[in-house]
Amino acid sequence: MAINVYGEISSITLGCLVLFFMLYSNPRKTIGYRINFVGIIIGMIGSMILLHLGHRVNGVFPYNKAALIICYILYGFCYISILNLIMSYIYYLIYGSAYKKPALVSAFIFTFFYIIIGYIYFALIRGGEHTFPTDTLRLKSFILFCCAFGISACLIVQVITFIHRNYLPKVILLSMQIFSVSLGFTLVLQGLFLNNIFISLTYTIPFMATYLLFHSNPYDEETGTQNGDPLNAKISDSIKKHKNFIVVFVSIPQLEKTNFVLQESMIHNIISDIARRTERICKRSYAYRISTSTYAAFTYLDTEITGREYLDEIMDIVNHPMGNDYLPAYYKVVAITNHPFLQNLDILQHYYSFLQNRLNDSAENEILFAGNKEMTDFMKYYRVHLALEDIRDRKDLSDARILAYAQPIYSVENEAFVSAEALMRLEIDGNILYPGSFIPVAEESRCIHPLTCIILDKVCKEIKSLGDDYQYDCITVNCSPLELSVKSMTDDLLNIIEHNGVDPNKIRLEVTESSVYENYDVVSNNMQSMNDEGIHFYLDDFGTGYSNFDRLTSGDFHTIKFDKSILYKAMEDENTEEMIRALIHMLKESHISPLVEGVETEEQKSFCINHGFDYIQGYNYAKPIPIENLKDYFKQK
């Protein structure tokens, strides 16, 4: 009966496909990748040799005993090389970069026994026709020999993985057990059906599966962890199935900056050690590497363990690392349990970012186990976030959820209100929110510029309504530092002003001191362009940042608004008072108007007037009002 070699043809085809993806899909070039690459090439060579042997036995090629023996020897070399590569990869997953020594010892033992048994086999072949009377039987016996050796290798893999089970990631351990059992079963089938040769599939398929599972982005071989994608999938599945779970994010910021003080392998060992011990906390505990400095631990909550117990176990691991590769480090830990409000992965990711922002930037260890208070605060935050995103996406300058208020500003010289600061309010479900509740959220979610455009449009409409019937200089609009770095900001604001038919000189923009001087070079061009159009700038919150006199007098600012904190301090401290008096004098000499905010009492009012402030803003004069009520404060002509 002819030998069927279609299995070997399939193996060569699969090998070609895997090589194509390995070469052109730009995967990570890890040690495991190289082992797989070499293994695929050797496997394809072995398949070609078996294909040639099958054709010779089937009479496709002329009989040549020497050629047959050479083919047997070459395939034997390929087969033992493949088994050694598989064992090397297993040792690499166990020992990491220190895999070479055990891999070499294993390769020596495997090769030694294979040569001894192979020598016995060829000695039997040389025994003549009485042992194996036909070439077909010789090939079948050779395949049977390889199957037996392969099954032995599968058993050895099972033993090795069992011995080292505490050092292997759960996903690797499970994969090895499944692979070794299924491949051993396949080798048994090959031994039972020797008329069909498909032995090469028993190593081509594992190489292909290993590449797909461990060398694409979701898996990091160096630390034996998966990345955030599988974690997201597990969380999403748990939410859909209403399973109770906890996920703990552990960030070690020092690891982001260890390139100059630590070797890369040391970082891998630290994360790998933490991950392996995390997975041993309970049966369904998993570890994931989110970034260089952050890993996450996940488990389901049931009678086996509670959320607090799981977090305590994690902290014990972080505070008491094993091995010599220990980096004394500070950490930031955020623990999240499932909640009915966390209806999908997107909300949970926002929740994590929200909690991260609650941690300090200082080099101190911090642990945040999110509870009812954090969830209540987040629900308020997320409601604002959704509203702001909807406002941004609608691009409606007349959006009724943005309310325009204004606080009149008093002129000491004119003894009247001659300007006002536009103030924004956000209305959600009948509740009016103040800027402190939504401006930080808007800046974080990149929704701040649409808000500025909306409030500017409402200010322009009020200026249009005032017409020429009232005496006032301008209305100021607050501008976020994020907007000053956007090239289109000038055009966007000027288009709104032009569309409303308003004189640009009636508009002023307020920017905070910190925003200007932290990004001065970036915002300078935008400020110059606006000044050229007649839209002058106020420097807001002066005294809370890092100003210098050269920049104050650079010509960018028409008015300097002193923060109330420096006013309060000047009233209590003589040195500060003298400094304020001198600074006001210098500003006026530079034709810059000093304005003070936060004036709430008659004593503060008198202090400000006596020290030379041109403009005063505060509750002592006027509280914020709906912008359409400015008519009640400005004098009619």
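The values are calculated or read from the model by the stated rules, or taken from the named source; none is laboratory data. Computed from a predicted model, the values in this text were never measured in an experiment. Cβ atoms come from the backbone with ideal geometry, glycine included; neighbour counts cover every protein chain shown. With ligands, DNA and RNA removed, areas are computed over all heavy atoms of the protein, side chains included. Shrake-Rupley method; radii C 1.70, N 1.55, O 1.52, S 1.80 Å.
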Residue in region 60-67 that is in a helix (DSSP H, G or I), more than 39 Å from the chain's Cα centre (by Cα) and not small (Gly, Ala, Ser) present: yes
First in region 564-575 and open to solvent by 70 Å² or more (accessible area, probe 1.4 Å), second anywhere and part of a helix (DSSP H, G or I), Cβ under 6 Å, 6 or more apart: Lys569/Thr576
Subset tally (residues that are closer than 20 Å to Leu348 by Cα and either among the small types (Gly, Ala, Ser) or open to solvent by less than 20 Å² (accessible area, probe 1.4 Å) (or both)) for region 301-321: 3
Residue that is most open to solvent (accessible area, probe 1.4 Å) [pool: residues in region 239-288 that are at pLDDT 85 or above and in a loop (DSSP other than H, G, I, E, B)]: His242
Selection count where residues are outside any helix (DSSP H, G or I) and open to solvent by 80 Å² or more (accessible area, probe 1.4 Å), scope region 364-391: 3
Long-range neighbours under 8 Å by Cβ, at least six apart or interchain, first residue crowded, with 18+ Cβ neighbours inside 10 Å within region 421-435, second charged (D, E, K, R): Glu421/Glu510; Ala422/Lys458; Leu426/Arg401; Leu433/Arg425; Leu433/Glu427
Count of region 6-56 residues which are modelled with pLDDT under 80 and within 19 Å of Phe193 (Cβ to Cβ): 0
Unmet requirement for Leu509, which otherwise passes all of (1) under 18 Å from Asn525 (Cα atoms); (2) in a helix (DSSP H, G or I); (3) out of contact with any Lys or Arg (no Cβ under 9 Å at 6 or more places or on another chain): (2)
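State whether the residues of region 69-79 include one that is open to solvent by 20 Å² or more (accessible area, probe 1.4 Å), among the hydroxyl-bearing types (Ser, Thr, Tyr), modelled with pLDDT of 80 or more and part of a helix (DSSP H, G or I).
Among the residues of region 69-79, not one is open to solvent by 20 Å² or more (accessible area, probe 1.4 Å), among the hydroxyl-bearing types (Ser, Thr, Tyr), modelled with pLDDT of 80 or more and part of a helix (DSSP H, G or I), which makes the answer no.
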Tally of residues being open to solvent by 60 Å² or more (accessible area, probe 1.4 Å) and within 23 Å of Glu421 (Cα to Cα) across region 576-600: 3
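Got a sec? Which of Glu462, Glu510, Glu444 is crowded, with 16+ Cβ neighbours inside 10 Å, acidic (Asp, Glu) and in contact with a Ser or Thr (Cβ under 7 Å, 6 or more places away or on another chain)?
That would be Glu510, the only listed residue that is crowded, with 16+ Cβ neighbours inside 10 Å, acidic (Asp, Glu) and in contact with a Ser or Thr (Cβ under 7 Å, 6 or more places away or on another chain).
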From the options Leu14, Leu23, residue that is free of Cβ contacts under 8 Å to residues at least 12 places away in the same chain and closer than 16 Å to Thr210 by Cα: Leu23
